[in-house]
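Beneath this line is the structure, given in structure tokens, with notes to follow.
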Amino acid sequence: MDTTPAPRRTLLVGFGKLGARLAPRLLADGGEVFALRRSDGQLPAGVVGIRGDLSLPLTTTLPAVDAVVITLPPGASEGAYRTALTHLRGALPMMPARTVFVSSTGVFEGSVFKADRPLTEQDEPAAETARSRGLRDGERAATELFDAVVVRPAGIYGPGREFLLRKVREGAAVDHTRLTNRIHETDLVRTLDLLLRTDDPPRLMHAIDERPAPLGDVVRFIAGELGVAVPPHEASDGPRGLVYDGSLLHSLLGGLEYPTYEAGYAEMIAGSASHP
């Protein structure tokens, strides 16, 4: 796909780990970066902070920008995304040329699909939980209000996102049969960066690595790397899990830096061992 330089001015909405890693990429290419968030706090050098709570109409007009990346967490209600995005659109003086909305594969929560094939972007979620309905409504609102590109990451992991490592160290029981999907934070940031620069990006994309796997396989690998016992199996009455197809993402990026959970977790464990 044809790519261009970074947008001249980008607004990052909901400035968390992804925004903190994306901003330096955009700044390094000569762009200006603004961060809209509810609280104050330290920002990467060069990022201009804007304080605002999108659950309410903003009292100040936002700067005119060429691109927006939305990484807001789900709100307390099913309509929280739509409310926030409506207030965001109302505070922008002009429509950005590119908007990227970060959703989640959780939009499929409660959907009933046969587990005999990975789900692609052509599969329509049948949102059956409050969280999945809220995510799906957020995707629709982002499309209606901003003509957004929608990205659905699976479980994001990487340095500072060590929930599963802690569970294995603690020996906490997990459902070994549950199907899981994930994406390393580095590859997700690369994806967001490229979507801002791509002339004609996909309108919807699953952000998944190349090795979806039963949770038992993952914790067994982590336990081996840590040199601890494999956590016991605990059967769950909950959903068995789904597998997603990430081939569209892989073709866009031309390969992942962390194509499998083995690559990502091995590096994380080695890093934590060298920094006790």
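The values are calculated or read from the model by the stated rules, or taken from the named source; none is laboratory data. Source: prediction; values computed, not measured. A quick note on method: Cβ atoms are made from the backbone with ideal geometry, for glycine too, and the neighbour counts reach across all protein chains shown.
Structure notes:
- In summary, D209 fulfils each of the numbered conditions (1) surrounded by fewer than 18 Cβ atoms within 10 Å (Cβ to Cβ); (2) in contact with a Pro (Cβ under 7 Å, 6 or more places away or on another chain); (3) not aromatic (F, W, Y) with the single exception of condition (1).
- Filtering segment 103-115 for residues that are in contact (Cβ under 8 Å) with a residue 60 or more places away in the chain and closer than 22 Å to P202 by Cα leaves a non-empty set.
- Restricting attention to segment 101-114 and to residues that are at pLDDT below 95 and out of contact with any Lys or Arg (no Cβ under 7 Å at 6 or more places or on another chain), the residue that is surrounded by the fewest Cβ atoms within 10 Å (Cβ to Cβ) turns out to be K114.
- Candidate set: segment 221-237, residues that are of a type outside the set (A, V, I, L, M) and in contact (Cβ under 8 Å) with a residue 40 or more places away in the chain; chosen: the one surrounded by the most Cβ atoms within 10 Å (Cβ to Cβ): P231
- Scanning segment 1-11 for residues that are closer than 12 Å to D193 by Cα and at pLDDT 90 or above gives P7, T10.
- Subset of segment 9-46 that is touching a residue at least 24 places away in the same chain (Cβ under 8 Å), farther than 24 Å from I156 by Cα and touching a strand residue (DSSP E or B) at 6+ places or on another chain (Cβ under 7 Å) - its residue that is surrounded by the most Cβ atoms within 10 Å (Cβ to Cβ): G31
- Lone unmet requirement of (1) at pLDDT below 95; (2) outside any helix (DSSP H, G or I) for R131: (2)
- Residue count, segment 55-91 (criterion: surrounded by fewer than 17 Cβ atoms within 10 Å (Cβ to Cβ), in a loop (DSSP other than H, G, I, E, B) and among the β-branched types (V, I, T)): 3
- L192 falls short of the stated requirement of being over 24 Å from G160 (Cβ atoms), in contact (Cβ under 8 Å) with a residue 24 or more places away in the chain and touching a strand residue (DSSP E or B) at 6+ places or on another chain (Cβ under 7 Å).
- Of all residues in segment 181-204, those satisfying the criterion of being part of a strand (DSSP E or B) and surrounded by 22 or more Cβ atoms within 10 Å (Cβ to Cβ) are R182, I183, H184.
- Count - residues of segment 160-214 that are in contact with a Leu (Cβ under 9 Å, 6 or more places away or on another chain) and either at positive phi or of a type in the set (A, V, I, L, M) (or both): 17
- Selection from segment 142-169 of residues that are surrounded by fewer than 21 Cβ atoms within 10 Å (Cβ to Cβ) and assigned to a helix (DSSP H, G or I): T143, E144, L145, F146, F163, L165, R166, K167, R169
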